[in-house]
Amino acid sequence: MLACFGTLLPSFELKAQTQENQNSIKMERTEATIEALQLKVKGMSCQAGCANGIDNMLKQQDGIVKSTTTFDSGTSEIQYDKSKISEKEIIGLIEKRGFKAELKKEGK
């Protein structure tokens with residue numbers, strides 16, 4: 001029985017290494033497709049309903065990694081997987097909620 005276990009152990013180790021390598025490759029692919037998007041959002045009147053509502057809606061979308069919308073600054077910072085959702089689709093989703101969204105210009 002011990003001899004049998006000795007022949008199975010290397011097989012399990014090889015399988016674990018292969019899975020680890022596949023996970024590493026998958027992570028690299030995912031990291032390569034993550035983009036950051038900074039938007040200026042107009043039309044919000046509060047943090048609780050407007051800004052948080054945008055974040056909650058976006059976080060339910062496939063491809064959105066993180067969303068932080070702030071009423072005080074009128075901005076939304078979004079991390080997304082560009083292989084699953086586009087910048088244009090994200091802006092469209094925000095505008096569908098009744099807000100105006102546009103790319104934030106540098107320094108503003």
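Amide H to amide H distances under 5 Å link Thr75 with Val41, Thr70, where only residues 5 or more positions off or on other chains count and H is placed in the peptide plane. Of the residues Lys105, Lys100, the one with the fewest other Cβ atoms within 10 Å heads the list, and the complete ranking is Lys105, Lys100. Equivalent-ellipsoid semi-axes for the stretch 35-103 (Cα gyration tensor, √(5λ), whole Å, largest first): 18, 11, 11.
The residues packed around Lys100, meaning those with a beta-carbon under 13 Å from its beta-carbon, carry a net charge of +3 if Lys and Arg are +1 and Asp and Glu are -1. Just list whichever of Lys42/Lys82; Lys40/Lys84; Lys40/Lys96; Lys40/Lys66; Lys40/Lys100 have alpha carbons separated by over 20 Å in the model shown. Going by Cα-Cα distance, Lys42/Lys82; Lys40/Lys84 fall outside the 20 Å limit. Per-residue Cβ neighbour counts within 10 Å put Ile90, Ile34 in the sequence Ile34, Ile90, beginning with the fewest.
Computed from the coordinates by the stated procedures, all read-outs in this text should not be read as laboratory data. From a predicted model like this one, the values you see are computed outputs, not experimental measurements. Ideal geometry is used to build each Cβ from the backbone, glycine not excepted, and the neighbour counts take in all protein chains shown.
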